[in-house]
1. Can you go through LEU376, LEU431, LEU398, LEU403 and tell me which one is surrounded by 15 or more Cβ atoms within 10 Å (Cβ to Cβ) and closer than 29 Å to VAL321 by Cβ?
2. Please state which of the following conditions LEU165 fails to meet, knowing it meets all the rest: (1) under 30 Å from GLN257 (Cα atoms); (2) in contact (Cβ under 8 Å) with a residue 60 or more places away in the chain.
3. Show me the helices (runs of 4 or more DSSP H) found entirely inside segment 105-168 where at least 3 residues are farther than 21 Å from SER337 by Cα and in contact with a helix residue (DSSP H, G or I) (Cβ under 9 Å, 6 or more places away or on another chain).
4. Give the residue that is surrounded by the most Cβ atoms within 10 Å (Cβ to Cβ), with candidates limited to residues of segment 379-393 that are in contact with a Pro (Cβ under 9 Å, 6 or more places away or on another chain) and aliphatic (A, V, I, L, M).
5. Would you check which residues across segment 377-427 are among the charged types (D, E, K, R) and over 23 Å from PRO40 (Cα atoms) and list them?
6. Can you list residue pairs whose Cβ atoms sit under 6 Å apart, with the first residue in segment 204-224 being surrounded by 20 or more Cβ atoms within 10 Å (Cβ to Cβ) and the second being of a type in the set (S, T, N, Q)? Count only pairs 6 or more apart in sequence or on different chains.
7. Can you name the condition, by its number, that SER297 falls short on among (1) surrounded by fewer than 24 Cβ atoms within 10 Å (Cβ to Cβ); (2) not in a helix (DSSP H, G or I)?
Amino acid sequence: MGKEREKEKVDFILKAQYVLTMDNAAQAGGETAKVKQKSPWLIEDGAVAVRGDRITDVGPASEIEKKYDASGVIGGSGRLKALLPGFVNTHTHAAMVYLRGIADDLPLKEWLEKHIWPIESKWLGPEFVNDATELACLEMLKSGITTYNDMYFYETHAAPAVKKLGMRAVLGAGILDFPTRAARNRDEYFELAKELINEFSNDELITPSVAPHALYTCGPEGQKMAARMAEKYDIPVHLHLSETRWEIEEIEKLYGQRPVKFLDSLGVLSSRVIAAHCVWLDEEEIELLAKRQVAVSHCVESNLKLVSGFSPVAAMMRAGVNVTFGTDGAASNNDLSLLGEMGTASKLHKTVSGDPSALDAKTVVEMATIRGAEALGLGDKTGSIKKGKAADLVMLDLDKPHLTPIYNIFSHIVYAARPSDVQNVMVNGRLAVRDGQAVTADEKEILQRARLWGEKIKDSI
C-alpha cells in the first residue's frame, strides 16, 4: 500500500450543504464546472478551504477534507447552511446611518434641502463620520455585506472605522460646488480627495474614489476634474445620475440635454463610473451607458420611498449594462440590508415589466455579488468563491421555519432569507461575525454611542 498523502494545513474549512460560488468560469465550463453539480454556480455538500486572506480551494466537502487539515472548521454541525460570496453594496452614504428616520415621507429635493443638509451643517465632522461609520459597518456585516461603495465627507475618518470592523470599502470623497462643514469650495474638496488617495491607495481593504455628487450639485467643470483625477490615479468615479424627474428637467434647462447625454458630451463617462439610481433614462441613454461601460447601482427601496420612480433595470441589462444593487443611505431607505433590496427589486420588476421571469433569482444573486465586485473594479479580488480570491464569505443558517423546505437555494436567498439568517461572515480571511455576533467590534459600545449621538441631534432639531 502506498503512503497516504499528508494533508495541507489551512486556517479554516467552511462547510455547507449549498455553496454558491458565483464563479463565472463555471458558467463558461471552467475549473469549478468540473465539479458535478445541478447549477454551474452551485456545489451541494461543498466546502471552502481558507489560508491567510485567500481561498485555497473549493469543491465537494469530501474532497476538501481529504486534502486539507484546518485549525478551525465552520459549518457541518448538522444544521443546514448556505455559503456564498459576501454581498457587495455598490451605493451608500454609510455615516448617514445616524440620520435614520429623521425626515421620512418626503420627496428627495425637500428631504435634502430642508432637513438633511441643515442637520449636516450642524453635526457633520470627523467624529460624527467615524462613529456613524462603525454603526453602518456593523449593520452591513451582520446582514452579509462584506464590501461597500461609499460617497460622503471626511472619508479619511471613515476609513479607520472600516478597518477596525474588518470590512472592504470603496470610499468616495464627495465633491460639491458649494461649501459645507467639510470644505469651503470645490478646490478644497479635491484636496481632501487627494489626501484620501495618498493615504489609502495601497491599502488591502480600502479603495479610494472620487465622488462628484450629481450634475445639479457638481457642475460640468467639477465632473471633468473628477474624471481627470480618476484617470490619473486609476480609481473609480461615483455619482448620482438621473435619479428624479426634477433632475432631468433641471439639467435640460441648464445645459439643453438630458443628464446622461450631457455627461457623455463632457467625455466623462467610462468604465470607471458607478452611477447610482439611473431611474429616468430613455433608450438612447441606456445605449450610451452600455457603450461607455458605465456600471449602475440600483437602489430600489430608496427610489420607492422617495417616489423617485422605477429604474428600467431589465432594459439596461438587455442592452449590456452591468446593473448592481445599492442600499443608498439609511436616511432614505431606512436600512442597509442588501437582502431586502434583492427581494424587493425582483418582485417590483416582474410587475413593472409584466414578465414573471424578469430578474430571476440567480440573476439577482449575481447582481449582489460578482456583478457588484466587477462594477467597483474588484472582480479579481472578491465577488465569487474561487481559488486565489480573497476569502470574503457569508454563511446563512437555513434551519429556520421561513426557509423550510428547500427546493431552490437561489430562490430562498432572494425571496425568503433575512439578515437575521446571516450566521458567519469572513472578510479577507478574518472572521467578522461568528454565530451571529460581531467578532471585530464591541456591539454594545457602538449602539450606546449611537444613542448618545441621537439624543444630541434630536435636541438640536
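FYI, it's all coordinate maths here, none of it is from the lab. Treat the numbers as computed from the prediction; the structure is a model and nothing was measured. Here Cβ is always computed from backbone atoms with ideal geometry, including for glycine, and neighbour counts include all displayed protein chains.
1. Details: LEU431 fails: closer than 29 Å to VAL321 by Cβ; LEU398 fails: closer than 29 Å to VAL321 by Cβ; LEU403 fails: closer than 29 Å to VAL321 by Cβ.
When all the criteria are applied, what remains is LEU376.
2. (1)
3. The helices (runs of 4 or more DSSP H) meeting that bar are 117-123, 126-142, 155-165.
4. ILE385
5. Within segment 377-427, ASP399, LYS400, ARG418, ASP421 meet the criteria.
6. Note: pairs meeting the criteria are PRO212/GLN223.
7. (1)
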